[in-house]
1. Where a Cα-Cα gap under 19 Å defines reach, which lysines qualify for Lys493, not counting those fewer than 8 residues away within the same chain?
2. Give me the percent of Cα-Cα pairs in segment 337-454 that sit more than 21 Å apart, rounded to a whole number.
3. For segment 123-136, in order, what is each residue's ³J(HN,Hα) by Karplus, 6.51 cos²θ - 1.76 cosθ + 1.60 with θ = phi - 60°, in whole Hz (x at glycine and Pro)?
4. 5 Å is the cut-off here: which amide hydrogens, built 1.01 Å from N in the peptide plane, fall below it relative to Gly502, excluding neighbours closer than 5 in sequence?
5. Of the DSSP beta bridges with both residues in segment 458-597, give the percent that are antiparallel, rounding to the nearest 5.
6. So how far apart, in nm, are the two label points at Phe123 and Lys110 if each is 7 Å from Cα heading toward Cβ?
7. Could you derive backbone 3J(HN,Hα) for segment 70-80 from the dihedral phi with the Karplus parameters 6.51, -1.76 and 1.60 (θ = phi - 60°), listing whole Hz in sequence and x where the residue is Gly or Pro?
8. Tilt of helix 109-118 relative to the longest C-alpha principal axis of the chain, in degrees (0 to 90, nearest 10)?
Amino acid sequence: MCGIVGYTGYRDVIDVLFKGLTNLEYRGYDSAGIAIRDDNKIKIYKSLGKLINLKNEVKEKQTEIVKPTSGIGHIRWATHGSPSLVNAHPHTCTCGNLVVVHNGIIENYKELREQLIKLGCEFRSQTDTETIAHLVAHEYSKVNDLEIAVRNSVKQLQGAYAVCVMHKEVPDVIVGARKHAPMLVGVGEGENFIASDTPAIIEYTKKTIYLDDNEIAVVTKDNVKITDVNGVIVNKKVEILPWEPVALSKLGYKHFMLKEIHEQPDVIRNVLNGKLYDIDAPISLNEVKISADILKKLNKIEIIACGTSLHASLVGKYLIEDFAGISVEVEPSSEYIYRKTTTDSSTLVIGVSQSGETADTITAIKQAKEKNAHVLIITNRPDSNMARLADSLIPVNAGIEVSVAATKSYTAQLISFYLLAIYLAEIKNSLDKSYVKNLKHELIQLPTKIEEILSNTSNIQECARKFSSFKNFIYIARGINLATAYEGALKLKEISYINATGYPAGELKHGPIAMLDETMPVLSILMPGGVCYEKVLSNSEEAKARNAKLIALTSSDDDNIKSLFDVVLKVPQVNEILSPAIACVPLQLLAYYIAEFLGKDVDQPRNLAKSVTVE
Ligand code: AGP
């Protein structure tokens, strides 16, 4: 979604803004812009589409730029008003002296806009953001102090904002404010930064101050001042970022998605590290801050998440119910927040999110906290808003994930759920000890099995080539791999724009079978070990009888499979209950190669954003 970077200091301002925005690019955007303070003027450059267009725009106007000393930049993902030059940020007040960039949505912008028009403000865009520019300029005209003007303005805003403001009359001062949208200050020496997310500043500093809701930062090159909305100084902790800049490099891979798929074996090792180190020792989850006594009596868990994290949560439900016998409900955050739930103080609510910034999940977590539930967050971003709201936190340690399509974070979430489910089972003594030992042993083997898949992807590439011209796919599975079918179909959909749907195989004949013919391939996930295997096999026969082309994803050497399916994608043998953690890998690769063959923008698919910070 949108991204913000602001800088004041001794470096090349335009270069810092561009590098910062480039490192936020993965979030998804449709236009970009910067405002710089140069030669005692505020100069604005905007463009539609990718950052390269903005860079070219600035290059063309190079002769008019002297030596900028500060600036703010923005990439926009349109919410209010179409993606257009006039709607791109930064926005200005009527006279152009004040510039604003903003992430979030101002809910009362229409009322404010009407009031400001009556005061003589001239609006040029359809955005909610422009209202902020006029509002702050109006407040500034009353007090002649930018910090106070921002403070007085944000008190009038309803909705979500991370906002950065500069004024021509206040040289090299950037004022930032936030509510329900992330914002941080990067602390340097003789320079300071402000940004919506850490990748924007990681090349320059690891020292970070995270703003909380209703806080305002006044940033100059030598000073950072944080106050609350009433102007009272807030003493904030300077935190050290856990990331290295190399996390933002493709390291020779064509796309971040391919790099991140290949990182999965190491990601699993990282997740297991320190939690599962000896198959004879109990799983250690020090991060779970609920007493064993309470966990033993726990009879309800609710998991809330979106997209890929929701699919990982479905595997989590299966595991916790199977291993620990605790009833688990899984719900999309966007549904949970608009209904009367039964969450109460005896419920354990688990929020799952790669980014830790998904607006719907944050709202859901806040609602659960209001009901006094214990909130456990499983996230890849211990530096996120969601992590800050957590009573207990399981950091999934997948490293920064740049590609919009989640891959390694999904696998890391799955492994976190395996650990959590075994942890609960060990506390409740609900599983046979030798079964647990065996599970742990197999968990430790998973990275090597995934390495085996990654070492030879020619079969998957061949399959992708063969099927890349189809317009529709159905993915079927049962049991613990139903989530794998949902996730595999989502991967294909989001990066290749091919219509793919995951279905419980048993549901096929209750409707979807009507669509089957030679134009609708069916991908069946068949992992031997339980009753599901034979059932999915017969459901696949039913599809074959309707002339559908069949792809099998399996670890089986069964001759029936070879004769029934047009293509067989093999994975190494694995306990069925652990199979989602390896079955997802060929499906990620299949989606990747299909999108590649179709020439799609794999890392930044159209219309999508890496972290969805609006509801
Ligand atoms: C995954 O490939 C998607 N891009 C998307 O569904 C994502 O999983 C979803 O938006 C949730 O994000 P989160 O995990 O950061 O909360």
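The values are calculated or read from the model by the stated rules, or taken from the named source; none is laboratory data. Just so it is clear, the model here is predicted, and its values are computed rather than measured. Quick reminder, even Gly has a Cβ in these numbers, built from the backbone with ideal geometry, and neighbours come from all protein chains shown. These accessible areas exclude ligands, DNA and RNA; they are computed on the full protein's heavy atoms, side chains included. Shrake-Rupley method; radii C 1.70, N 1.55, O 1.52, S 1.80 Å.
1. Once the sequence-local lysines are set aside, what remains near Lys493 is Lys408, Lys466, Lys471, Lys549, Lys600, Lys610.
2. Taking all Cα-Cα pairs of segment 337-454, the fraction more than 21 Å apart is 48 percent.
3. 8, 10, 10, 9, 7, 6, 5, 4, 4, 5, 4, 5, 5, 5
4. Amide H neighbours of Gly502: Tyr475.
5. The antiparallel fraction comes to roughly 0 percent.
6. Rounded to a tenth, the inter-label distance reads 1.0 nm.
7. My calculation for segment 70-80 gives 7, x, 10, x, 8, 10, 10, 10, 4, 10, 9 Hz in order.
8. 20
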